[in-house]
Amino acid sequence: MKKTLERFALNGKRALVTGSTQGIGLAIARGLAESGASVILNGRSSEKLSAAHRELSAEGHTVESLAFDVTNPNSIKAALASLTESGKHIDILINNAGIQRRAPLLEMTLADWQAVIDTNLTSAFLVSQAVAPSMIERKSGKIVNVCSLMSELARPTIANYSAAKGGLKMLTRSMCAEWAKNNIQINGLAPGYIETEMTKSLVQDEKFDSWIRGRTPSGRWGCVEDLVGATIFLSSPASNYVNGHLLVVDGGLSAVV
Ligand SMILES: NC(=O)c1ccc[n+]([C@@H]2O[C@H](COP(=O)([O-])OP(=O)(O)OC[C@H]3O[C@@H](n4cnc5c(N)ncnc54)[C@H](OP(=O)(O)O)[C@@H]3O)[C@@H](O)[C@H]2O)c1
């Protein structure tokens, strides 16, 4: 392998990808594994977790699974303690788990506000707080927070989501302010409109689908594979002097009015 390409390799690294039983998280886990990392899958549903585990194992990747709810501090601590007890540490943390609950602001329930803030923002605080001490001790680590185009822009009916993703962008910078000196790089990845289970109802909505295709300079929805290259970059030595950055992968949508 050429020296430049070696800087993108992840051999010998262990990566935890939260919310990796499907969609963007699963594609990222596969991409990191194909780049040489051993990956730890995560989600709440043990059925979905086993299916994703089987899928990546069958492709020849080194995979482990940790079922825990990213909003539950005790479950997070217990899961990570089980890892530490077996002498393992995490080199790369991808805070990807997220949910969407749409409603106009005046009709949004406190439960839907709270669930989205907890799953998309507080989760990254909790999981990173559990993982970072070992990175600080080893003076090495990569954290990628999966933010969104909605970290920068708003749209009707997703105030909870935009508030959470905007907060996650600033949490990324705050982590950088405190942890970068320990040779930890913390960056955000901001996907645009990507076809997944989360956006299924929008893809099936003819009016929205045609708006997205017209509004996005690339003229199409993103696919989960579109996010893999950027994540490998942010997880590898190739990005060792990139810190506190939000890398937008949106087909140009946010660059053009
Ligand atoms: N799709 C897009 O257009 C888009 C755009 C920008 C940003 N994003 C962000 O990208 C990330 C992934 O989105 P996606 O489209 O791939 O969504 P998705 O297909 O709905 O997948 C979400 C994943 O998160 C897991 N999850 C949800 N709540 C969890 C919890 N409390 N604890 C642990 N895992 C949990 C789910 O597994 P379980 O159900 O098993 O828990 C699933 O694996 C999210 O942060 C999302 O906000 C997506």
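Things worth noting here:
- Alpha-carbon Debye profile of the range 1-98, log10 I(q)/I(0) at 0.11, 0.23 Å⁻¹: -0.31, -1.21
- Pairs of lysine residues in the chain - Cα separation under 15 Å, sequence separation of 8 or more or cross-chain: 6
- With neighbour counts taken as other beta-carbon atoms within 10 Å, the residues ILE28, ILE90 rank, fewest first, as ILE90, ILE28.
- Span per principal axis, largest first, for the Cα atoms of the range 160-257 (Å): 49, 29, 27
- Put the Cα centre of the range 183-240 next to the Cα centre of the range 25-98 and the gap is 21 Å.
- Entry note, the chain: the mean residue ellipticity at 222 nm calculated from DSSP H runs of n ≥ 4, each adding -39500 (n - 2.57), is -13000 deg cm²/dmol after division by the residues and rounding to the nearest 500.
- Selected from TYR241, TYR161, TYR193 as most flexible by GNM, with the chain as the system and alpha-carbon contacts under 10 Å: TYR241
- Residues ARG7 and GLN114, FRET efficiency given R0 of 51 Å [Cβ-Cβ distance, rounded to 0.05]: 0.80
- Sorting THR4, THR62, THR196 from the fewest to the most surrounding beta carbons within 10 angstrom yields THR4, THR62, THR196.
- Modelled label positions at ARG155 and LEU105, each set 7 Å beyond Cα in the direction of Cβ, lie 1.8 nm from each other.
- Spin-label model, VAL203 to GLU34: label points 7 Å out along the Cα-to-beta-carbon direction sit 1.8 nm apart.
- Student exercise, the range 113-213 dipole from Lys, Arg, Asp, Glu Cβ charges, in Debye to nearest 20: 400 debye
- With neighbours defined as other Cβ atoms within 10 Å of a residue's Cβ, the residues LYS165, LYS13 order from fewest to most as LYS13, LYS165.
- Rg over Rh [alpha-carbon atoms, Kirkwood Rh] for the chain: 0.95
Computed from the coordinates by the stated procedures, all read-outs in this text should not be read as laboratory data. Being a predicted model, the structure only gives us computed values, none of them experimental. Here the Cβ is made from the backbone with ideal geometry for all residues, glycine too, and neighbour counts use every protein chain on show.
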